[in-house]
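Accompanying notes for the structure given below.
Just so you know, all these numbers are worked out from the coordinates, no wet-lab data involved. The model shown is predicted, which means the values in this text are computed figures rather than measured ones. Counting neighbours? That spans all protein chains shown, and the Cβs are built from the backbone with ideal geometry, glycine included.
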Amino acid sequence: MSINFGVDYYPEHWPEERWETDARLMQEMGVQVVRMAEFSWHKLEPVEGTYDFEWLDRVIRLLAKHGIKTILGTPSAAPPAWMCNKYPDVMPVDRNGQRRYFGGRHHDCQSNPIYREKVTAIVTRMADHFGNNPDVIGWQPDNELGNSHLDVCFCDSCRKSFQKWLQKKYVNVGALNKAWGTPFWSQEYNSFEEVFAPLKTLTGENPSTMLDWKRFHSDLIVDFLTMQVNILREKCPNQFVTHNYMGFSNCVDYYKLSKPLDFVCQDQYPTGYWIDDGWASPSELAATLDVIRSYKNRSYWMMEQESGICGWEYMGRLPAPGQLPLWALQSIGHGADTVVFFRWRTCTFGTEEYWHGILPHNGVPGRTYNEYKELIHKMNPLMEQMKGAVPKSDVGIIFSFDQNWAFEIQPNARGLNYQNHVRSWYKAFYDRHMNVDFITERADFPQYKLIVAPLQYLMSPVLADSFTRYVEAGGHLVLTMRSGVKETDNRCFTKDALPGLLRKLAGAQILDYDALSQNECEVRFDGADCQTESSDHFEGAAGFDGSSCQKKSEVCLEGAAPAACHGRFWADVLTPDEGTEVLATYASEWYKGAAAVTAHNVGKGVCWYVGTEPDDAFMSALAGLFVDKAEIRSMGCAKKAGSGLHGMPATDVEFVSKEKDGVVWSFVLNHSAEPRTYEYAVDAGELVFGENAGTLAAYEVHIYRK
Ligand code: GAL
């Protein structure tokens, strides 16, 4: 049986008499798998050393009778009260040195030896008990590791673990003093035992200490997961092990966390209550899915796909009819093999009583149940064929936890945010209806026609060399501001002008830079401002006819004529070497006329350096230039229906394709509440999901197979 759709189920929240009804309704909906028990430590070990797995056996059996398999969570995200009372040190300490207590979740210290002993004991018992159960197909140790862990843990046990980690890295304390630049403010250490966990200081922090702390903390989480995975691998060889991630969340390096897992999962909440304007934008959602795929460089699962209003103390927006299936299909289009919906039924108590499930509080199936049921029944036959398919992309964008952390420690300019910068580049290609991969600095660069390497702040000789080799061999590389500034220990580079190790490759040096913070600078692009440039650059945009898709990639851009170009947050003032072309210059500030964007031909390729964060119009125009040069085409174009022969292009229609074994699945998704028309520039093959090729109703999705 192919496992395509599932639900997150909490049988312990409901009377046992209800389980049968739930199982039957799930079966009728088409559900093939549930995830359970990831927060049920007390139910599984009500008193220390006494285990009760019978209730879980019963529900697993009942679900199996209805053709539904189980994924089990290990409960280490919710240590019970008996443990926290008896061993208070298992609870974490925050940066203020304040213990965080029982009553929420993730109130655990992952280095604490007693906690590790208790976790090992329950995971071993569960693995022994369920490891040979054919109805249990896999495991999810803990839940969203790193969640709630932003400010923990700074306890004595973590301090000692940090010291050990440092000793392993630096071997002698002199090397640590050098790497951290401890002569500044008398921070020298005589031994590793003198190093503190970085509790709140009165003023200022050492950036090198803070970066090592973040790396240590991430490694600790990876180690905590690996400890559980090792037990499960030994005792449950026929069951998979996975974990649910939170997109771009940066508490743990997800590339490292993924290593011991079979595949990774995402928890996707497009209308989370914390989202300022209510809705995550389609491109943000798409970026999240693409970054998730990158963590293990393969297809993934959706372990929690939104099923309605998301709420804790506050509630988020209500998805419109059709929107939930649209988002599930978006997850599938970007590479999800299986979609599990969170949660089966809205809980009637506890922190998440307003986090809406498929069934409402009263348990009676309604609109959401019916929408998902229809989706599942239509998609089931296709899902099996699509298993393992992933988007193939010519564009790679580097995403790095180290760079992210370094900017978190020192944003450099007010408003500058590593992730937002990365996502603004992503959006430029997404809007052009192109597949995009996120990649690590260690990725196989040559497979991409174009690589965007945003904010390469920390630079190593190895990485600088691989960028150079990529360009020399014919690659198209985009470097952006604030690159080559630091060595990997987070101290400033001194051996050359900026961009340091990338200076030769960029073919330019930066002798002045300006933290614009909240001020924007004006930029002249290609000898003209964006206004003039855009009117012909975006020429194809206003027209929509069959031929326009075959033209340049920018035909699909919304809004034909962007206003003048601006740079945000930062300005690297570039002095080009001889032979380096200047593509854009600053048009305001005292360095007006100096280069803002350069192009340097190296070997068979080109390296562009973009000295500021382009605003949307400028970014879009630049991306157009880069993809044309790299010969990357849009998949298609879309327009707002009903707006006449030459309707406006629509970027709220998303194109994504995924492929496996020579079969390509092309998805076109209408994220708008209005109808849209679209046209493919490539041969997408046969329409296998939806009808009326070329026209999409509000929130409708079409899928093609070729
Ligand atoms: C997720 C988490 C779930 C549930 C959900 C709603 O982040 O994994 O356990 O808490 O959010 O808040």
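In this rough spin-label picture, where each label sits 7 Å from Cα along the Cβ direction, the Ser281-Asp512 distance is 3.2 nm.
Placing unit charges on the Cβ atoms only, positive for Lys and Arg and negative for Asp and Glu, gives the chain a dipole magnitude near 1320 debye about its Cα centre. In this structure the amide hydrogen of Phe240, modeled in the peptide plane, comes within under 5 Å of the amide hydrogens of Gly138, Trp139, none closer than 5 places in sequence on its chain. Roughly what would the spin-label model give for Glu17 and Thr120, points 7 Å off Cα along C-beta, in nm? Reported label-point gap for Glu17 and Thr120 is 4.5 nm.
To one decimal place, what orientation-averaged projected area in nm² is obtained for the convex hull of the Cα set of the chain? Mean projected area of the Cα convex hull: 30.8 nm². Proximity of backbone amide H atoms, modeled 1.01 Å from N, is registered between Gln268 and Glu304, Gln305, Glu306 at under 5 Å, excluding neighbours fewer than 5 places apart on the same chain.
Phi-derived couplings, Karplus 6.51 cos²θ - 1.76 cosθ + 1.60 at θ = phi - 60°, listed residue by residue for region 254-265: 5, 5, 6, 4, 6, 3, x, 9, 6, 7, 10, 10 Hz, with x used for Gly and Pro. Membrane-span-like helices in the chain, defined purely by DSSP H runs whose alpha carbon atoms cover 24 Å or more axially and whose average Kyte-Doolittle hydropathy reaches -1.0, are 113-130, 207-235.
Annotation: extensible slack from Leu687 through Lys200 equals 169.5 nm (criterion: 0.36 nm per residue apart, minus Cα-Cα distance). Overall size of region 638-705 from C-alpha positions, given as principal axis extents largest first: 40, 20, 19 Å.
The mean sequence separation of alpha-carbon pairs under 8 Å and at least six residues apart, normalised by the residue count of the chain, gives a relative contact order of 10 percent. For Thr50 and Thr575, a Förster radius of 45 Å and the Cβ-Cβ distance give a FRET efficiency of 0.05, rounded to the nearest 0.05. As an exercise, use a Förster radius of 22 Å and the Cβ-Cβ distance of Lys495 and Ala175 to find the FRET efficiency, rounded to the nearest 0.05. Computed FRET efficiency for Lys495 and Ala175: 0.70.
Highest average first, the peptides 310-319, 261-270, 649-658, 507-516 ordered by how many other beta carbon atoms sit within 10 Å of their residues are 649-658, 261-270, 507-516, 310-319.
Extension gain, Arg58-Trp312: 0.36 nm per intervening residue step, less the Cα-Cα distance, totals 88.4 nm. Rounded to the nearest 20 debye, the dipole size of region 638-705 about its Cα centre is 120 debye, using +1 on the Cβ of Lys and Arg and -1 on the Cβ of Asp and Glu.
Amide H contacts under 5 Å for Phe689: Ile703, restricted to partners 5 or more places along the chain or on a different chain, H placed in the peptide plane at 1.01 Å from N.
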